[in-house]
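To start, the structure under review is shown below, and the notes come after it.
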Amino acid sequence: MASYSPKSTYQNCIHRFLPVIFVLLLGLFYSSNVQSQCASFARAVVKPELSPFIHDGNYNATILAEGESVLLRKTVFEGQKYRIVVKGVPELPGLRFRVIDSGSQVLFDNALYEYADTWDFDVQDTRTISVEVTVREDNNPGSSVGGCVAVLFGLSLD
Amino acid sequence: MEYRLKHLFTKFRILPVLLLLGFVISCNMGSQKKDSGESEEEIIESVPMNDQLVDDFNKSKLIFYSLPSPLETAMLIKKAGATFDPDILNPIGNISRYNTNSKMALNLGIYSADLSYASLFDQSQITIEYMGNARKLADKLGILGAVDEETIKKLEQNMNNREVVMDIISEAYMNSNAYLSENNRAAVSVMVLTGGWIEGLYLATSLTKGDLQNNKKLVERILYQKLSLVTLLNMMETYRDNAEVAKLINELKGLESVFEKVTIVNTSDVEARTDTNNKVTVIKANSEIEISPSDYISLCEKVEELRSDFIL
């Protein structure tokens, strides 16, 4: 016959509580570490691809998995040339990016250009554009990977 | 999954909540096991994944908003043929006034805009002094390593090389924003961006002296900031639960109503021509933008009012 004691119930709670907290803290540490690696990836790998354009200084990076998308909205200005670099970590299958006008017209689709990760835009009228980035899905349905994706803008000095 | 966890931690400042939640779950786990036969692992996984939280995560993941950075704004001012005026910068000595997080964040953006403007006009000494102020504010905000002694030294050594100077400025700006975003302080990052954007707008409007005819190209670029303000307000809405951001939204709504006097008419469809060899796409369209002289004065005054509120 089991006996009831407040003390043992409390101890049971604590014993069950510790693994839960451990898992949660591990998740917090892991997620923070991955984000930190994302900034390093943007700085060390993506930013140099902007050259000879100068990085505008904005930081746009996140973790995406296969099939997931992110949208970046930005106003681009007449008379300015921009370079866009859209890059993910090597573990990701590859990225598709499209530049879309506020009227939903597709202005550029890298799928038509061998999924190029770098492209220049000569803007002759000020407007707000969206850059839609999607992680392509590979052909292996059994595995799904995620990783950092960064979208950086460079400015031409001309 | 990592991103989902990160979002949850960010959105709800969730560690204390999770500790409490974890404790409650732990205490109830025994009976749940008996009742449902679920494994411990399944129960843990089920905690953060209710539909509302997943929806919130999906919404926040969906869109980045990118404002013209201080560097881009300074380039737009210079390309419009404007000149350098040291009297319109936020005085260096004002830094002693900034003791709250919101003031420090706003003025980190403001000093970043000032130093970007100074650097594009080859104002070496001013650029170094303003970078020094940006460093102090970044330190006070606990932004580790964004601007350090090495950055200042590198700036001093390369003052004659404008490209290197611009690269140093953009790197420092990115480091600040990346650090804040990574450390669940995105609301502070939004305030930095807001300060930088308002200062860019203030510099530009001051240079036109409230006259539509003074520099038509610059005036046009100012008026098109109506589009950037939409981006800024959308960005800020994500962090409305922060009291300081909510206050800023209300202030910027006043500016939005003045910007409503600006009319933008697209007079042609947008056209994109891609040159595959040079990997460049030309985006072409025609639009017209207008404001009355009196409304332009109101716009300049509103910008000055907001900026004064930020720097004092």
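The condition of being closer than 18 Å to B:Leu306 by Cβ, polar (S, T, N, Q), in contact with an Asp or Glu (Cβ under 7 Å, 6 or more places away or on another chain) and surrounded by 15 or more Cβ atoms within 10 Å (Cβ to Cβ) holds for only one of B:Ser102, B:Ser112, that being B:Ser102. Evaluated against (1) within 14 Å of another protein chain (Cβ to nearest Cβ); (2) not in a helix (DSSP H, G or I), B:Asp211 falls short on exactly one condition, (1).
Of all residues in the stretch B:264-312, those that are within 17 Å of A:Thr75 (Cα to Cα) and surrounded by 12 or more Cβ atoms within 10 Å (Cβ to Cβ) total 13. Of all the numbered requirements in (1) part of a helix (DSSP H, G or I); (2) more than 8 Å from chain A (Cβ to nearest Cβ), B:Ala178 misses one, and that requirement is (2).
For (1) within 14 Å of another protein chain (Cβ to nearest Cβ); (2) farther than 24 Å from A:Gln124 by Cα; (3) buried (at least 18 other Cβ atoms within 10 Å of the Cβ); (4) in contact with a Ser or Thr (Cβ under 7 Å, 6 or more places away or on another chain), each residue gets a yes or a no:
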position: B:Lys226; (1), (2), (3), (4): yes, no, yes, no
position: B:Thr231; (1), (2), (3), (4): yes, no, yes, yes
position: B:Tyr239; (1), (2), (3), (4): no, yes, yes, no
position: B:Ala246; (1), (2), (3), (4): no, yes, no, no
position: B:Asn250; (1), (2), (3), (4): no, yes, no, no
position: B:Lys253; (1), (2), (3), (4): no, yes, no, no
position: B:Val262; (1), (2), (3), (4): yes, no, yes, no
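Residue check: A:Tyr113 meets all listed conditions (1) touching a strand residue (DSSP E or B) at 6+ places or on another chain (Cβ under 7 Å); (2) at the interface with another protein chain (Cβ under 7 Å from one of its Cβ atoms); (3) aromatic (Phe, Trp, Tyr); (4) surrounded by fewer than 17 Cβ atoms within 10 Å (Cβ to Cβ) but one, namely (1). Tell me, which residue of the stretch A:44-83 that is under 25 Å from B:Tyr117 (Cβ atoms) and among the aliphatic types (A, V, I, L, M) is farthest from the other protein chains (Cβ to nearest Cβ)? This residue is A:Leu50.
Taken together, the values in this text are just the output of simple stated rules run on the coordinates, not laboratory data. The model shown is predicted, which means the values in this text are computed figures rather than measured ones. Reconstructed Cβ throughout: ideal geometry from the backbone, glycine too, with neighbour counts over all protein chains shown.
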